[in-house]
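Notes for the one structure printed next.
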Amino acid sequence: MSKISILLILLLPLMPLKVFAQNFSTAEIKKWQQQADGITIIRDNWGIPHIYGKRDADAVFGLMYAQCEDDFKRVEMNYIEKLGRLSQIKGSKRIYDDLLIKILIDTSAAISDYKRAPDWLKQLLDAFSNGINYYLYKHPNEKKILLTRFEPWFPLLWTDGSIGAINTAGITSSELENFYNGKELGVVPIENNTEYKSTGSNGFAIAPSKSATGNALLYINPHVTFYFRPEVHMVSEEGLNAYGGVTWGQFFVYQGFNEFCGWMHTSSEADVTDLYEEAVSKTVNGYVYQYGTKKEIPVKEQQITVQFKEENLLSAKTFTVYSTKHGPVMAKRNGKWISLASENRNMKGLIQSWQRTKVKSFSGYKKIMELVANKSNNTVYADAAGNIAYWHGNFLPKRNTAFDWTKPVDGSNPSTDWQGLHTVNESVHLYNPINGWLQNCNATPFTVAGENSPKKANYPDYMAPDAENFRGINAVRVLQKEKLFTIDKLIAAGYDTHITGFEKLISALMEAFEKTQKSTEISMILSEPMAVIKNWDFRCSENSIATTLAVEWGTRLLPTINSYPKKTGEGLIESINKFLTTATTNELLEPLLAVVKKLQLDFGKWQIPWGEINRFQRSSDEIEVKFNDNEPSLPVAFVSSTWGMLPSYSSIRFANTKKWYGVHGNSFICAVEFGKKIKAKSLLAGGESGHKNSPHFDDQGQMYTKGKFKEILFYKEDILKHVERNYHPGE
């Protein structure tokens, strides 16, 4: 199904792969300089860029220039990935990752969208590429991996503006490789969770009735890879005044607020993609598939070439890729070709992402939601008028509920076709609940407001298959407990250290230990550790030995726990319950015995406080960071969201380390109070800059480990009191 051709680098045979800088014309440089002269970037004492321009396009130009100043390599890498070019730098091992991207994200369609974009959007897209290209012109020594010129259609490669939001309905690049290499994956493997792989985000909204000041509040807490989302402020004379987190390479505030309202996105499990079993046969004229009464519809074919680095030369592999009316063919299961119905790239998603940053009212935000183009997110909302709201998903295809959409459906049956999109009113949503608060932690929408939540029976299963999780349970608990919130009390709720996920597991562990015979190895070695665990209050801290034992033990249990099949709407909570119904004494105690022995081997004793091995280290400005026990690091009290930790801190032990180092979790965190004037506090993992020699590389590191927030400077008169640098792009 594929052929391989070697592409020699013209004029440079047998030379190492290298990309040379592309010259910019005199005319475009002059144009960029003129635009830059009308843009002001003010860096405050935390290095946060506040960008001011006459037009929205000026703010975009300045934002992209500032992003490149802070971390060009991450801006570039995000677009290398979305262009399907990772294997050009990482080699043949990434070929099928690139193929998957190229199948799902059509660059020619992105270019077409740019050409037909409304003038206002085209101006923003031009400003995006101009801001980056002007930076590259002004910094000729900037190390570039592949991209020497950015194009205005690049942002149209993203869905919802979220760089990582590619929806494949569970199809992996491994399955794709098996299919396009002529193999079949007989059984789809279950992917076990680990501390490192745990993901999620938290969003809380507080109504005036639960606020000490009578103003609505919003808690913005995405959990992402560290240093993935910097903090920015964009202002223009066209009504833009947005502050918040932005993924490297985005030209709009992704999660944040303006003077009137704020929005927090959590990842959604709402079903936005489906798999179809296609009845395919081969004829003399090619492949055909069955659909309805038409017996032979030709399978479409497309040639896609993936370039990759091989022994310092650029090679290429060309694939014949197939598709049906439902979408591209991505795998083969049980003798059936599997096609994917999805929408992983759409200009409306970018329009929606931009327009919400300028919304001035609840009615205006609801109108933006009616674009139904957000495919990957739930939204938690609050505004200055005192409204709070929650939407579960946004882009939601209508389906025939007679079918089980958790499995591949019959592609030959027209009744399985999508039937348009649900309206916002048909989706799971909730406005201004009487309890006065809303929460979502990547869990079911049917607990977002406690007893006042939407009812599951009112919606089709595919609209909200999300399971409850331990963070959701914790969030309801802390929000119910507080009577009147302030910003500081909201932050304290978001940093609650109770770890719900261990309650049943530890109870079962205690019972198992009580059953062990005296004088056995397990009894003698675990006697003291079990005494420590027995007295644990299920709260993590730097000084907690019980936290160390629990996390190390729980991590060893996870592969077994996650091996239990899950039904729709089930997650880790249900898997733990299933595990505990059959777990033997040895299955519970032997992993703890292994933990104690490992700690003694690594540290000479098992009595290790959690903060001694759970560390935050930012010693390198490379994207792929290598951690080192001999380099300086800071203790961290928090654990992974897997166990119900609201301030998620996912850390892992690497092959060359004995300690655990954080890689994922709380990144940009923000608490906002709306009213006559915005009041807000925020925190970043490490700092704003991606350059090791910058004072803002790690100036928030100590604060991050303690959950100590800084004041946000939103109004210009306040910003001007804390100026570190005031300049035009290019100066």
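Approximating the spin labels as points 7 Å out from Cα along Cα→Cβ, the Asn181-to-Phe603 distance works out to 4.2 nm. Relative contact order for the chain using alpha-carbon pairs under 8 Å, separation at least 6, rounded to a whole percent? Normalised by residue count, the contact order of the chain is 18 percent. The string of couplings for the stretch 173-182 from the Karplus curve (6.51, -1.76, 1.60, θ = phi - 60°) is 5, 5, 5, 4, 5, 4, 5, 7, 9, x Hz, one whole number per residue in order, with x for Gly and Pro. Based on alpha-carbon centroids, what's the gap between the stretch 406-461 and the stretch 345-395 in Å, whole number please? Using only Cα atoms to place each centre, the spacing works out to 16 Å.
For His139 and Ala27, FRET efficiency with R0 = 25 Å and r from the beta-carbon atoms, rounded to 0.05? My answer for the efficiency is 0.75.
On the beta carbon distance between Phe403 and Ile89, with R0 = 60 Å, the FRET formula returns roughly 0.90.
Sorting the Cα pairs of the chain by distance into bins of 20 Å, from 0 upward, gives 16, 48, 32, 3, 0 percent per bin.
Between the amide H of Ser201 and those of His223, Ser267, Asn442, distances stay under 5 Å, these residues lying 5 or more places away or on another chain, with hydrogens modeled in the peptide plane. Only Cα sites of the stretch 567-645 enter the Debye sum here, all with the same form factor; the resulting log10 I(q)/I(0) across q = 0.18 1/Å is -1.02, listed in q order.
Helical runs (DSSP H, four residues minimum) scored at -39500 (n - 2.57) apiece and divided by the length of the chain put the mean residue ellipticity at 222 nm at -9000 deg cm²/dmol. Between Glu624 and Glu724, the contour length at 0.36 nm per residue exceeds the alpha carbon distance by 33.0 nm. Dipole size in debye (nearest 20) for the chain around its Cα centre, Lys and Arg Cβ +1, Asp and Glu Cβ -1? With Lys and Arg at +1 and Asp and Glu at -1, about 500 debye. Legend: distances between Cα atoms for Lys597/Lys659; Lys366/Lys398; Lys138/Lys358; Lys489/Lys676; Lys367/Lys677; pairs beyond 27 Å are Lys138/Lys358.
Each peptide in 534-546, 224-236 was scored by the mean count of other Cβ atoms within 10 Å over its residues; highest first, the order is 224-236, 534-546. Can you figure out the FRET efficiency of Thr213 with Glu711, using R₀ = 22 Å and their beta-carbon distance, to the nearest 0.05? According to the calculation, E is roughly 0.85. For Gly730, nonlocal amide neighbours, meaning residues 5 or more places apart or on other chains whose placed amide H falls under 5 Å from its own, do not occur.
Projection of the Cα convex hull of the stretch 474-593, averaged over all directions and equal to a quarter of that hull's surface, yields 9.1 nm².
The label point for Ser108 and the one for Lys325, both projected 7 Å from the Cα toward the Cβ, are 2.2 nm apart.
Centre-to-centre separation between the Cα atoms of the stretch 122-148 and those of the stretch 495-534: 57 Å.
Counting 0.36 nm for each residue step from Lys566 to Ala531 and taking away their Cα separation leaves a gain of 9.2 nm. Accessible surface calculations at 1.4 Å, restricted to protein heavy atoms, place the chain at 40 Å² per residue. I need the phi-derived Karplus couplings for the stretch 636-649: 6.51 cos²θ - 1.76 cosθ + 1.60, θ = phi - 60°, integer Hz, Gly and Pro marked x. Using θ = phi - 60°, the values come out as 10, 7, 7, 10, 6, 5, 3, 9, x, 6, 5, x, 5, 9 Hz.
Counting 0.36 nm for each residue step from Lys455 to Thr520 and taking away their Cα separation leaves a gain of 18.2 nm. The modelled label-to-label distance for the pair Lys282/Asn577, using points 7 Å beyond Cα in the direction of Cβ, is 4.9 nm.
Taking amide H as placed 1.01 Å from N in the peptide plane, Lys679 has its amide H under 5 Å from the amide H of Glu673, each at least 5 places away in sequence or on another chain.
Taking the accessible area of the chain, probe 1.4 Å, and keeping the other protein chains in place, the carbon and sulfur fraction comes to 50%. In terms of its alpha-carbon gyration tensor, the stretch 310-432 comes out oblate; a/c meets the 1.5 threshold, while b/c is at least as large as a/b. Here the Karplus relation 6.51 cos²θ - 1.76 cosθ + 1.60, evaluated at θ = phi - 60°, turns the backbone of the stretch 679-693 into coupling constants of 10, 7, 9, 8, 7, 10, 6, x, x, 6, 8, x, 9, 4, 7 Hz, with x for every Gly and Pro.
The values are calculated or read from the model by the stated rules, or taken from the named source; none is laboratory data. The structure presented is a predicted model; accordingly, all values stated were derived computationally and were not measured. Using ideal geometry, Cβ is built from the backbone for each residue, glycine included, and neighbour counts are taken over all protein chains shown. Side chains are part of the model used for accessible areas, which takes the heavy atoms of the whole protein and leaves out ligands, DNA and RNA. Shrake-Rupley method; radii C 1.70, N 1.55, O 1.52, S 1.80 Å.
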